[in-house]
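The values are calculated or read from the model by the stated rules, or taken from the named source; none is laboratory data. Given the structure is predicted, the values throughout are model-derived calculations rather than measurements. Here the Cβ positions follow ideal geometry from the backbone for every residue, glycine too, while neighbour counts run over all protein chains shown.
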Amino acid sequence: MKIKYVLPAVLLLLAWNVSTISQESGDKIFQVRGFCISAPKPTGVDRFVKFINEELAPRRVNTLVLLVGYNYQYKSYPQLQDSGALSKKDVRKIVKACRNKNIRIIPDINLLGHQSSGNKVNKLLANFPEFDETPYIKMPEKYVWPNKDNLYCKSYCPRHPDVHKVVFACVDELCDAFKADAFHAGMDEIFYLGDDKCPRCQGVDKARLFADEVTLIRNHLKEKNRELWIWSDRLLDGKSTGIGFWEASYNYTWRAIDMIPKDIVMCDWHYERPDQTAVYFAMNGFRVITCPWRTPPTAVIQADDMARWIKYATSEMKPRYYGMMQTCWVSTEGFIDGFYGNLSPRAKRAVHPRNEAYSPWDTFRAMYKRMDELETDAK
């Protein structure tokens, strides 16, 4: 966190009397008090359940987005499961713990983008290479960024005639296993879309391709009364806002915001700077959740912002400001080790190279502490 961001935060807190935040209905401010983390490995399930009981529940976490991907023993397409994947028995332990603590579980598989990591394709493209949007771009022996191919992560072709048969079978199976009424499809940081060499996608408006894929997934889930959640970065114009091509789009997918159903939940992530984009999604008719990661001062500002927007919103806008969700992009085991102070200084620096004192577990504590303060003051 740069000093220029910390100082405005301090001034904001001094200038704004947070005790004025309240809701006319007397309800809690935040509808969603969320936590997003990778699903544990089978050997870590019991420890994760303990963390749910001892750390999530006391903080009144009511939503757990679990990044499962192919860390599950799929029966529909067993070739897609990772080695050492979760069994149904493992999943039942997590489901039981969450139900006992009134925590809603939303499982996640990355759809469309994030079909590779580093120098390896993931299970989908490894087993179905015909789904690759850019098959001519080969995975490097050693991955570096930036690179001549602009390769961050591979995408599957959304217009391949067989891709949805496979991914929807996994989505349905995972949602059934977790007894979930919602599914998180990822869909962030998509750089490969509508490639000029793709026989199905070339020349097609990238916003239309993105909107069609989002809508297709949403409609499939709707058939079983399930809700779609996605990361919202591809629906922001990265150039005109100056937000950039990681947290927003440079390939015009942002225009898809007017082409997709309004019942999709937007997970609006900004990690180093508290950009005010939640207002944009709420004004466009979507429920929106603000998602920090590893910078505590930013998470505190974001919680204050969300509470202030709710206070001053119209009755139409108020329910769209849906809440906050801490995200975590280290392993479950690494997060729990860090939370309890069991990581080496070197491991801590790997989480946040610029500031070892900033981490997802520090942010987790700071965000929920601030949310509790805001809700206490609102009573």
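Within the range 128-155, track down each residue that is among the hydrophobic types (A, V, I, L, M, F, W, C) and assigned to a loop (DSSP other than H, G, I, E, B). Those that are among the hydrophobic types (A, V, I, L, M, F, W, C) and assigned to a loop (DSSP other than H, G, I, E, B): Phe128, Ile137, Met139, Val144, Trp145, Leu151, Cys153.
For the range 199-213, a residue qualifies if it is outside any helix (DSSP H, G or I) and surrounded by 15 or more Cβ atoms within 10 Å (Cβ to Cβ), and the qualifying residues are Cys201, Val204, Asp205.
Per-residue answers, yes or no, for (1) on the phi < 0 side of the Ramachandran plot; (2) in contact with a Lys or Arg (Cβ under 7 Å, 6 or more places away or on another chain):
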residue: Leu67; (1), (2): yes, no
residue: Tyr70; (1), (2): yes, yes
residue: Ser83; (1), (2): yes, no
residue: Arg92; (1), (2): yes, no
residue: Asn102; (1), (2): no, no
residue: Ile105; (1), (2): yes, no
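Counting only residues that are over 23 Å from Gly203 (Cα atoms) and surrounded by fewer than 12 Cβ atoms within 10 Å (Cβ to Cβ), the range 121-146 holds 5 of them.
Conditions (1) in contact with a Phe, Trp or Tyr (Cβ under 8 Å, 6 or more places away or on another chain); (2) buried (at least 20 other Cβ atoms within 10 Å of the Cβ); (3) modelled with pLDDT of 95 or more, marked per residue:
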position	(1), (2), (3)
Ala15	no, no, no
Gly26	no, no, no
Arg33	yes, yes, yes
Ala39	yes, yes, yes
Asp46	no, no, yes
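Yes or no: the range 86-104 includes at least one residue that is surrounded by 13 or more Cβ atoms within 10 Å (Cβ to Cβ), part of a strand (DSSP E or B) and hydroxyl-bearing (Ser, Thr, Tyr). No - not one qualifying residue is present in the range 86-104.
Just give me the residues in the range 33-68 being in contact with a Leu (Cβ under 7 Å, 6 or more places away or on another chain), farther than 30 Å from Ala307 by Cα and aliphatic (A, V, I, L, M), in sequence order. Selection gives Val68 alone.
Among the residues of the range 332-346, those that are loosely packed, with under 15 Cβ neighbours inside 10 Å and farther than 18 Å from Pro296 by Cβ comprise Asn342, Ser344, Pro345, Arg346. Residue count for the range 171-192 under the criterion of being more than 15 Å from Tyr70 (Cβ to Cβ) and touching a Pro at 6+ places or on another chain (Cβ under 6 Å): the result is 1. I'd like to know if the range 78-85 contains one or more residues that are touching a helix residue (DSSP H, G or I) at 6+ places or on another chain (Cβ under 8 Å), farther than 19 Å from Trp361 by Cα and among the aliphatic types (A, V, I, L, M). Looking for residues that are touching a helix residue (DSSP H, G or I) at 6+ places or on another chain (Cβ under 8 Å), farther than 19 Å from Trp361 by Cα and among the aliphatic types (A, V, I, L, M), one finds at least one in the range 78-85, hence yes. Quick one: Tyr322 ticks every box in (1) aromatic (Phe, Trp, Tyr); (2) over 17 Å from Gln302 (Cα atoms); (3) crowded, with 22+ Cβ neighbours inside 10 Å bar one, so which box is it? Among (1) aromatic (Phe, Trp, Tyr); (2) over 17 Å from Gln302 (Cα atoms); (3) crowded, with 22+ Cβ neighbours inside 10 Å, the lone unmet condition for Tyr322 is (2). For the range 70-85, a residue qualifies if it is surrounded by 14 or more Cβ atoms within 10 Å (Cβ to Cβ) and either over 30 Å from Trp145 (Cβ atoms) or of a type in the set (D, E, K, R) (or both), and the qualifying residues are Gln73, Tyr74, Ser76, Tyr77, Asp82.
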